[in-house]
Each structure stands twice: as C-alpha cells, then as structure tokens.
Amino acid sequence: MRQHGFEALSDPTRQDAWDIIAGFPKPLIAAVRGVCLGGGLELVMLADILLLAEDSVLAQPEITIGIMPGDGGTQRLTPRIVGNPLAMQMVLTDEPISAERAVAAGIVSEMLPASQVLGRALAIARLISNRAPIAAQSAKESSQAAYETPLSAGLAIERRAIRYALTTNDPKEGMAAFIEKRQPLFSGN
C-alpha cells in the first residue's frame with residue numbers, strides 16, 4: 001500500500017477474490033487462533049461461523065498507519081454485527097478486543113481453548129455436511145439477505161427459499177427419517 005496507494009486495494013483480481021469468498025454458496029467456517037488484525041479480521045468476517053481461541057484478540061488497527069479499514073471492516077462491524085458504538089471504538093482507536101468480548105458482541109459464535117478451535121470447526125463442518133445441502137445453501141442465502149434488505153424483503157426471500165426446498169427430495173427423506181427414528185440420508189436433490 002505504501003508503494004501503490006489505493007491501487008493496492010482496488011486491483012480487480014484482488015477484489016474478485018474477496019467477492020468470490022463473500023458469495024461462496026456453501027457454509028464457511030473460520031477458526032482463529034492468536035492475533036487477528038485489520039484485513040485478517042475483515043477476511044474472517046466473511047465466514048458464516050467464526051470460532052475463536054480464548055487467548056485471541058481482534059482489532060482494526062488501520063487508523064494507526066493513517067488509513068481506515070478498506071475490506072469491509074466499517075460495513076460488517078457497523079451496524080451489521082456489533083453495533084455502532086463498539087465498531088466505532090474498534091475502528092477509531094485500534095484497541096483490541098478479547099475473545100470473551102468478541103463472543104459477547106456477536107462477532108464470533110464460540111470461544112474455545114486454542115487446542116480445540118480447529119477440531120471444533122471440523123466437527124461443525126461434519127455436522128453441516130450431514131444436513132440437507134439444498135436447505136443449508138438456502139438458509140445461508142436467506143440469512144445473508146438480512147444484511148442487505150429490509151425485513152419484508154428478507155422474509156420474501158426466505159419464503160421463496162423454503163418453498164423451493166420443499167420441492168426437493170430431502171424434506172421427504174428428513175421427515176420420514178424423523179418419524180422412523182433414524183438418521184436421514186440426504187441426496188441434495
């Protein structure tokens with residue numbers, strides 16, 4: 001950034017990569033151990049589920065070098081995740097927040113001992129992989145719509161998604177498995 005200024009951030013290839021991650025249709029799980037700063041924090045905020053080691057810290061320190069977050073820090077923190085007061089404090093002061101505070105603020109879903117973070121992320125991934133794939137993808141799309149639409153439009157998106165899910169074979173299998181007290185075998189069809 002020192003050499004190329006804004007062009008370092010505005011490179012279309014770089015922006016395309018961020019857009020691909022943000023638009024990835026399958027659930028994304030991030031497992032963080034240690035220090036997660038600036039662009040790293042902005043990157044993990046693209047995940048659907050974020051797990052954090054209990055000794056980790058998060059910060060948006062860009063202000064200390066005379067810039068501001070440029071990959072979503074001001075938009076994803078404020079007001080979409082933590083609300084304006086904490087987001088502004090993080091963006092304007094560079095003060096890191098603890099894992100405990102990150103959980104309380106809703107940035108992360110779980111705080112774990114460092115040795116358990118990756119294992120828990122893999123366990124969640126296995127759990128999700130055993131769920132109906134169309135339902136998981138539709139749930140992700142509907143949840144993401146909440147960031148960009150008013151409630152009424154988000155509800156309409158959710159209703160279209162559930163209507164579509166009900167046209168697939170997975171709900172039939174899931175309901176039959178529930179009644180028969182067995183594990184469902186979802187096909188994604």
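The values are calculated or read from the model by the stated rules, or taken from the named source; none is laboratory data. Values in this document were obtained by computation on a predicted structure and should not be read as measured data. A quick note on method: Cβ atoms are made from the backbone with ideal geometry, for glycine too, and the neighbour counts reach across all protein chains shown.
Taken over the stretch 37-94, the criterion of being of a type in the set (Gly, Ala, Ser), modelled with pLDDT of 90 or more and more than 21 Å from Ala22 (Cβ to Cβ) is satisfied by Ala53, Ser56, Ala59.
From the list Ala153, Ala177, Ala145, the one residue that fits, being touching a residue at least 12 places away in the same chain (Cβ under 8 Å) and either surrounded by 14 or more Cβ atoms within 10 Å (Cβ to Cβ) or outside the structural domain of Ile49 (by TED's automatic domain parsing) (or both), is Ala145. With the structure loaded, tell me whether Ala102 is within 24 Å of Ala123 (Cα to Cα), small (Gly, Ala, Ser) and touching a Ser or Thr at 6+ places or on another chain (Cβ under 9 Å) or whether it fails that test. Taking the combined requirement at face value, the residue satisfies it.
Any residue at all in the stretch 108-124 that is over 16 Å from the mean Cα position of the chain (by Cα), under 30 Å from Ala176 (Cβ atoms) and either modelled with pLDDT under 95 or not assigned by TED's automatic domain parsing to the domain that holds Thr168 (or both)? Yes, because at least one residue in the stretch 108-124 is over 16 Å from the mean Cα position of the chain (by Cα), under 30 Å from Ala176 (Cβ atoms) and either modelled with pLDDT under 95 or not assigned by TED's automatic domain parsing to the domain that holds Thr168 (or both). For the stretch 3-26, the criterion of being of a type in the set (A, V, I, L, M) and at pLDDT below 90 is met by at least one residue.
List every residue pair whose Cβ atoms lie under 6 Å apart, where the two residues are 6 or more positions apart in sequence or sit on different chains, the first residue falls within the stretch 123-135 and is surrounded by 12 or more Cβ atoms within 10 Å (Cβ to Cβ), and the second residue, located anywhere, is hydroxyl-bearing (Ser, Thr, Tyr). Cβ pairs passing all conditions: Ile134/Thr168.
Of a type outside the set (D, E, K, R) and surrounded by 15 or more Cβ atoms within 10 Å (Cβ to Cβ): does that describe Ala17?
no
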